[in-house]
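The structure under discussion appears below in the form of structure tokens.
The values are calculated or read from the model by the stated rules, or taken from the named source; none is laboratory data. Note that the structure is a prediction, hence the values are computed from the model and not measured. Here the Cβ positions follow ideal geometry from the backbone for every residue, glycine too, while neighbour counts run over all protein chains shown. Quick note on the areas: whole protein, heavy atoms, side chains included, nothing else; ligands and nucleic acids left out. Shrake-Rupley method; radii C 1.70, N 1.55, O 1.52, S 1.80 Å.
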Amino acid sequence: MSHKVRWGVLGAAAIAVRKVIPAMLKSSELEVVALASRDLGRAQAAAGQLGMPKVYGSYEELLADPEVEVIYNPLPNHLHVPWSIKCAEAGKHVLCEKPLSMTVEEARQLVAARDRTGVKIGEAFMVRTHPQWLRTREIVRSGQIGDPRLINSTFTYFNRNPENIRNIREYGGGGLMDIGCYPITMSRFIFEREPARVLALFDRDPDSGIDRLTSAILDFSPGQTIFGCSTQLVPNQRFEVLGTTGRVEIEIPYNAPPDQPTRIQIDDGRELGGRSARTETFEVCDQYTIQGEVFSAAIRGDRPVPVPLEDAFANMAVIEALFRSGDTNRWEKPVSLAG
Ligand SMILES: NC(=O)c1ccc[n+]([C@@H]2O[C@H](COP(=O)([O-])OP(=O)(O)OC[C@H]3O[C@@H](n4cnc5c(N)ncnc54)[C@H](OP(=O)(O)O)[C@@H]3O)[C@@H](O)[C@H]2O)c1
């Protein structure tokens, strides 16, 4: 390790203050040196609680701070690309929250800004570097479950607060953008290819207009993903990969707890109900600490960006094709970055 990478944070977002910054502060490989909020008092309160040295009452001041090398962008979805472009133009690397953008066109603009400025930009899918996911992909690659053919996932919670960004349509709210993006990215990660076509069914909240229940099929021929996501159902998370001879299931796939071991089950199906499954357990780790460390290593040039914009673009292309499918009631093809 040559130096501690110096991070700044854009906005006193709940995810930043409650999870990502505390996790990053546990690392000896990086520093979180500054936090900016639209409101100086809010920045001071959050930074004080976290023991962070520097605060700003505007995002522009953070971008002008020469000490900051990389910015974590946890703004609402409609501000991901506009502010990530401003960061890039200020010469800062960016770790941008998911989902990357509002549209594929917007994602294309961010790719252009990255290529123009030469900074590194990645999408903050912390799941992609958690050991339980790396191991699941290794098991699938090794042939232990035969040929992987079906991924089955659900991601649900209950939140009808009209002030929450997830319930504001113009901010990029709704279940598919907030949580449907996870089964999409992890299906692409496990199958290691892109779906050729996708199909979706949406149920929208009559008051806010956001999608509150979504079902989707992704065609990875010869594999398939079916997933459901909802912002108005009992909290639940599930991800399993079924192959010709076995099945792997990740017990808590997306919000892996930072203070308890996590588990996956590998099942040859001799007995139904998972009774013939063997369990693999992973030591306690915080996926947000790992995310900060691997992105810092990418900035030092020690490894590639974990979820680069090409990957984030492909995820957005699936999301956008699913929205199109909801309108047309037909299969839709995700567009490619090449055009
Ligand atoms: N990777 C994960 O595990 C994970 C988990 C949760 C959320 N997320 C993502 O993180 C992002 C933030 O989610 P969150 O739940 O933390 O949201 P949040 O608490 O509402 O935070 C968003 C922040 O953006 C700033 N902001 C700037 N303009 C705003 C506007 N017009 N309206 C509202 N806020 C505005 C605010 O900071 P200031 O007022 O301080 O400037 C606000 O605190 C979303 O993109 C979400 O998808 C990721």
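Observations on the model:
- Working note: Karplus 6.51/-1.76/1.60 with θ = phi - 60° gives the range 94-100 the couplings 9, 9, 9, 4, 7, x, 3 Hz, where Gly and Pro are set to x.
- Percent accessible area from carbon and sulfur atoms, the range 5-124, protein chains only, probe 1.4 Å: 51
- Sites D203 and K26, calculated FRET efficiency, Cβ-Cβ separation with R0 41 Å, nearest 0.05: 0.55
- Extending 7 Å from the Cα toward the beta-carbon at both E271 and I252 defines two label points whose distance is 2.6 nm.
- Highest to lowest packing among 117-129, 158-170, 269-281, scored as the average C-beta count within 10 Å: 117-129, 158-170, 269-281
- Residue-span extension gain [L233 to E89] - 0.36 nm each, minus C-alpha spacing: 47.7 nm
- Helix 309-328 axis, angle to the chain major axis (alpha carbon atoms, nearest 10°): 60
- When only Cα pairs below 8 angstrom with a gap of at least 6 residues are kept, the range 170-276 shows a relative contact order of 18 percent.
- Of all beta bridges that DSSP places with both ends in the chain, some 60 percent have antiparallel geometry.
- Protein accessible area in the range 206-339, 1.4 Å probe - carbon and sulfur %: 51
- With the simple spin-label model, which puts each label point 7 Å out from Cα in the Cβ direction, the D219 to E105 separation comes to 2.7 nm.
- Computed with a 1.4 Å probe over protein heavy atoms only, the accessible surface of the range 5-124 comes to 38 Å² per residue.
- Our summary gives the range 14-137 a relative contact order of 17 percent, counting only alpha carbon pairs under 8 angstrom and 6 or more residues apart.
- Between the beta carbons of H3 and D147, assuming R0 = 51 Å, the FRET efficiency works out to 0.65 to the nearest 0.05.
- Put a plus charge on the Cβ of each Lys and Arg, a minus charge on the Cβ of each Asp and Glu, and nothing anywhere else: the dipole of the range 5-124 about its Cα centre is then about 260 debye.
- Using a probe of 1.4 angstrom and keeping all protein chains present, the accessible surface of the range 134-187 works out to 43 square angstrom per residue.
- Selection from I21, G118, L62, by position along the positive dipole direction of the range 5-124 (Cβ): I21
- Based on C-alpha pairs under 8 angstrom that are at least 6 apart in sequence, the chain has a relative contact order of 18 percent.
- Ranked by the mean number of other Cβ atoms within 10 Å of their residues, highest first, the peptides 38-45, 54-61 come out as 54-61, 38-45.
- Placing +1 on the Cβ of every Lys and Arg and -1 on the Cβ of every Asp and Glu, with nothing else charged, gives the chain a dipole about its Cα centre of roughly 240 debye.
- Label separation (T245 vs A112): 5.1 nm, computed from points 7 Å beyond Cα along the C-beta direction.
- Residues listed by number, the range 6-40, amide nitrogen under 11 Å from E61 label point at 7 Å toward C-beta: 35-40
- For the chain, the residue among G172, F313, H78 whose Cα projects farthest onto the positive side of the dipole built from Cβ charges is F313.
- Relative packing of 321-333, 22-34, which averages over residues the other C-beta atoms within 10 Å, highest first: 22-34, 321-333
- Residue-count net charge about G228 - beta-carbon cut-off 14 Å; Lys, Arg +1, Asp, Glu -1: -2
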